[in-house]
């Protein structure tokens, strides 16, 4: 305190001058209409900029909670759309009334807390696990794009095997022609994947949409994968070499939706009983 008082006393002339200057400015502003208007316009603009900046900062830190709410709303809307699709799937003129089929899929929203795209086998960690109903094998999407499937879970977390993984294969089809194939990444470009086993009699074209097929037991049909970017057919080859540009930028992945197929157990049980265990 003594040092502060000594500082003020030492520079008393400067502080006195500063106070007189401020007093003079106040008199000028108060007694002159033009200066008063200019002062208030300038001060209002200055404080408006400060308020805007502070509001932008608050909005930025609120993005996480806002995104979480939007993800929950998307889940609800997606579930309604999927129910309508299931209801009209078997007959476009007569709605299906089987409640089990109509309610086949449930969606669980989760936030990505770890993600990789630079390895041959990439994985994603999310902040939901067994306590939220997530189990290994469930499909994962984001904004109606394929992400991958659940690999392992703990009570509060789950690790996903990304579609950018050499071991991950997804049954897909060319939407325009309906021909089936398999999407599998080759470990090179995280923006491109390969569509395999499209026979040479098919006529794919650049720009064709690739979506999940009904051969998937975990993904609903029609989930977007990407669009064909390159097509090559070697003279001796039975199948095309097709490059697909992914519809999802995995480096910007923030929220995902885990899909629970309520009829998967019934389908697997029937196939195992009829065909036997896969070898």
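The values are calculated or read from the model by the stated rules, or taken from the named source; none is laboratory data. This one's a predicted model, so the numbers in the text were calculated from it and none came from an experiment. Cβ sites come from the backbone with ideal geometry, for glycine too, and all protein chains shown count toward neighbours.
Determine, yes or no, whether residue 169 is surrounded by 15 or more Cβ atoms within 10 Å (Cβ to Cβ), farther than 20 Å from residue 263 by Cα and free of Cβ contacts under 8 Å to residues at least 40 places away in the same chain. Even if it seems obvious, please write down each step before you answer.
Values: surrounded by 15 or more Cβ atoms within 10 Å (Cβ to Cβ): no; farther than 20 Å from residue 263 by Cα: yes; free of Cβ contacts under 8 Å to residues at least 40 places away in the same chain: yes.
Considered against the rule, which asks whether it is surrounded by 15 or more Cβ atoms within 10 Å (Cβ to Cβ), farther than 20 Å from residue 263 by Cα and free of Cβ contacts under 8 Å to residues at least 40 places away in the same chain, residue 169 comes out as no.
Yes/no per residue for (1) assigned by TED's automatic domain parsing to the domain that holds residue 268; (2) assigned to a loop (DSSP other than H, G, I, E, B); (3) within 26 Å of residue 272 (Cα to Cα):
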{"site": "134", "(1), (2), (3)": "yes, yes, yes"}
{"site": "150", "(1), (2), (3)": "yes, no, yes"}
{"site": "159", "(1), (2), (3)": "yes, no, no"}
{"site": "207", "(1), (2), (3)": "yes, yes, no"}
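Of the residues making up the stretch 260-279, those that are over 19 Å from residue 109 (Cβ atoms) and not in a helix (DSSP H, G or I) number 5.
Going residue by residue through the stretch 122-133, is there one that turns out to be buried (at least 22 other Cβ atoms within 10 Å of the Cβ) and under 24 Å from residue 214 (Cβ atoms)?
Taking the stretch 122-133 and keeping what is buried (at least 22 other Cβ atoms within 10 Å of the Cβ), we get 122, 124, 126.
After this cut, where a residue has to be under 24 Å from residue 214 (Cβ atoms) as well, the list is none.
No, because not a single residue in the stretch 122-133 is buried (at least 22 other Cβ atoms within 10 Å of the Cβ) and under 24 Å from residue 214 (Cβ atoms).
Test of understanding: among 257, 230, 214, 266, which residue is free of Cβ contacts under 8 Å to residues at least 40 places away in the same chain, under 17 Å from residue 136 (Cα atoms) and within 31 Å of the chain's Cα centre (by Cα)? Before you say what the answer is, go through the steps one by one.
Values: 257 fails: free of Cβ contacts under 8 Å to residues at least 40 places away in the same chain; 230 fails: under 17 Å from residue 136 (Cα atoms); 214 fails: under 17 Å from residue 136 (Cα atoms).
None of the other options fit; the residue is 266.
Among the residues of the stretch 186-194, is there at least one that is modelled with pLDDT under 95, surrounded by fewer than 21 Cβ atoms within 10 Å (Cβ to Cβ) and in a strand (DSSP E or B)? So far as the stretch 186-194 goes, no, none of its residues is modelled with pLDDT under 95, surrounded by fewer than 21 Cβ atoms within 10 Å (Cβ to Cβ) and in a strand (DSSP E or B). Of the residues 245, 257, the single one that is in a strand (DSSP E or B), in contact with a helix residue (DSSP H, G or I) (Cβ under 7 Å, 6 or more places away or on another chain) and surrounded by 14 or more Cβ atoms within 10 Å (Cβ to Cβ) is 257. Quick one: how many residues across the stretch 210-227 are farther than 21 Å from residue 162 by Cβ and in a strand (DSSP E or B)? Total satisfying the criteria: 0. Within the stretch 163-185, if we keep just the residues that are part of a loop (DSSP other than H, G, I, E, B) and under 20 Å from the mean Cα position of the chain (by Cα), the residue that is modelled with the highest pLDDT turns out to be 185.
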